[in-house]
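Shown next, in structure tokens, is the structure this report addresses.
The values are calculated or read from the model by the stated rules, or taken from the named source; none is laboratory data. Remember, it's a predicted structure, so these values are computed and weren't measured experimentally. We place every Cβ from the backbone using ideal geometry, glycine too, and count neighbours over all the protein chains shown.
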Number of protein chains: 2
Amino acid sequence: MADNRVTGQAGRRVVSTAIRQALSSGDMVPGQRLVEQELSDTLSVTRSSVREALQDLAAEGLVELVPRRGARVRVISVEEAIQITECRAVLEGLCARRAAELASAEERAELAGIGDRMRASVAQGDLSSYSVLNRQLHAAIAEMSGQKVADGLLERLKGQMVRYQFRLALRPGRPSQSLPQHLAIIEAIVLGDAPAAEAAIRVHLDSVIRELEATPGGGAPDAHEDELEGAGT
Amino acid sequence: MADNRVTGQAGRRVVSTAIRQALSSGDMVPGQRLVEQELSDTLSVTRSSVREALQDLAAEGLVELVPRRGARVRVISVEEAIQITECRAVLEGLCARRAAELASAEERAELAGIGDRMRASVAQGDLSSYSVLNRQLHAAIAEMSGQKVADGLLERLKGQMVRYQFRLALRPGRPSQSLPQHLAIIEAIVLGDAPAAEAAIRVHLDSVIRELEATPGGGAPDAHEDELEGAGT
DNA sequence: GTCGAACTTATTGTCAACAATCTGGTCAAC
DNA sequence: GTTGACCAGATTGTTGACAATAAGTTCGAC
């Protein structure tokens, strides 16, 4: 084939995003081996690019790098997922608190708008738009809080949760359970009640933790997982 | 000539720890350039090792990596230091809460012991042993909580704070201010009062934040940037 | 005397070949 | 039938040379 080989720092990003994508779409399952040569052939990049990308992903906790044995998709146990969510709870709590203190009038209005659209989505049973709004909500809160450090940590943590997020979103009755929680968060921030905002976020993520605790089996590498795309907590 | 060149993955660790050390001892100042060849000569490792170590450090937020321009020690502004401490507050709060719930009788006794020794150190004006006990306390709480994820994040955050920690500890009257806060944390955990433990940790770190806010010079702790580029010739 | 352009040097980025190591399987001995 | 050693193939780790780029410097024109 023609030598379309993407080279260098570009290649590194190609590999990194390709693996991320494959990871979140379920094309790569936890525990799966990632052979450098294979990836460099498939993606038409040099092995160096693959190596560096794998280092990046390992630093983010998405893959596990064992010396002389290569890389594999990291398995995240239910217990670890719970701990991740506990960390998210306090960090997002911090963001929500600050957002309630700092948000401008326009930002509060924007939040209220997201709340309205969430209500509508759930009413219409539109799961995918609800999930989009969900992400928007969390992103907006992080943005409004001005907490760049916390936001960075949260991005990291969420990246590790891709696998569990969509499992949860599929549970029947989940939206009707999480909607009022989301609305409570929004209301507290709009009203500028910082402690209430922090508490509301915690209530929400505590309920996520309870769902996780009810999850069967560990992060065991089921070879066959047919799962829909689309996520949300 | 004795070619003691440490090679490969070992070299990578050598570089990584050497830079960390230099960073915390003040031998390397924020903004300073890190030239690959220079480091590989000084430390007797290959340039590859240096490169990889720099990637690691960049992933941890200790150095900044600009494409085609090399690496420099990352400058952490006072504002960022405050945000880092805010994150620490909630994450350590989580750990303290769990520790209060989960600690065994022996662990509670150990904490109480640390508290006694802290009191003694401050009474004797022994700053260095107080600082050691301080680290022990935080480590013990993280350990007891079983929160591996939070602990990992905290390690990261503390790594970025080396420069400021050093400065804060030197402020006169600081120990007599922080001692009662530490004792309050210990007491809450020993008594198993989870909410109080979380609150006590927050009080403590809020006071650290107030110290940071009173730090002069918004930018780097010392005026190194200017002397870097402009001074000579 | 100052500004700008070409040149030189210092430094990082890339690559492909080579070396070291691990995995899995085969075969012989007990 | 099971255990152990050994061999072959696959995979990662390392290296040094080379290419690409940015910074610094000199020289000439105005």
Could you please let me know if A:Lys148 is under 16 Å from the mean Cα position of the chain (by Cα), away from DNA strand C (no atom under 16 Å from the Cβ) and not assigned by TED's automatic domain parsing to the domain that holds A:Met28? no
On the basis of being buried (at least 16 other Cβ atoms within 10 Å of the Cβ), more than 30 Å from B:Glu36 (Cα to Cα) and of a type in the set (Asp, Glu), does B:Glu92 make the cut? yes
Here are some conditions: (1) under 23 Å from A:Arg156 (Cα atoms); (2) within 16 Å of DNA strand C (Cβ to nearest atom); (3) not small (Gly, Ala, Ser). B:Arg98 meets all but one. Which one does it not meet? (2)
Need pairs with beta-carbon distance below 8 Å; first residue in contact (Cβ under 8 Å) with a residue 40 or more places away in the chain and within 16 Å of A:Ile76 (Cα to Cα) and within segment A:9-26, second of a type in the set (Gly, Ala, Ser) and in a helix (DSSP H, G or I); sequence gap 6+ or separate chains. A:Arg20/A:Gly159
Of the criteria (1) of a type in the set (Val, Ile, Thr); (2) within 16 Å of DNA strand C (Cβ to nearest atom); (3) in contact with a Ser or Thr (Cβ under 6 Å, 6 or more places away or on another chain), which one B:Val78 fails: (2)
Looking at A:Ser77 and the list (1) polar (S, T, N, Q); (2) surrounded by fewer than 22 Cβ atoms within 10 Å (Cβ to Cβ); (3) more than 12 Å from chain B (Cβ to nearest Cβ), which single condition is not satisfied? (3)
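Conditions (1) within 25 Å of the chain's Cα centre (by Cα); (2) within 20 Å of B:Leu65 (Cβ to Cβ); (3) away from DNA strand C (no atom under 13 Å from the Cβ), marked per residue:
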site: A:Met28; (1), (2), (3): yes, no, yes
site: A:Glu36; (1), (2), (3): no, no, no
site: A:Leu39; (1), (2), (3): yes, no, yes
site: A:Ser44; (1), (2), (3): no, no, no
site: A:Arg47; (1), (2), (3): no, no, no
site: A:Val50; (1), (2), (3): yes, yes, no
site: A:Leu54; (1), (2), (3): yes, yes, yes
site: A:Val73; (1), (2), (3): yes, no, yes
The correct count of residues that are within 14 Å of chain A (Cβ to nearest Cβ) and either in contact with a Leu (Cβ under 8 Å, 6 or more places away or on another chain) or among the hydrophobic types (A, V, I, L, M, F, W, C) (or both) in segment B:157-177 is 5
What is the residue count in segment A:56-71 for residues that are within 13 Å of chain B (Cβ to nearest Cβ) and within 12 Å of DNA strand C (Cβ to nearest atom)? 4
When you scan segment A:36-105 for helices (runs of 4 or more DSSP H) that lie fully inside it, which ones turn up with 1 or more residues that are near DNA strand D (Cβ under 10 Å from one of its atoms) and touching a residue at least 24 places away in the same chain (Cβ under 8 Å)? A:36-43, A:47-59
Looking at this structure, is A:Ser129 assigned to a helix (DSSP H, G or I) and without any contact (Cβ under 8 Å) to a residue 40 or more places away in the chain? yes
Residues of segment B:211-226 being modelled with pLDDT of 65 or more and exposed (fewer than 11 other Cβ atoms within 10 Å of the Cβ), which ones? B:Ala214, B:Pro216
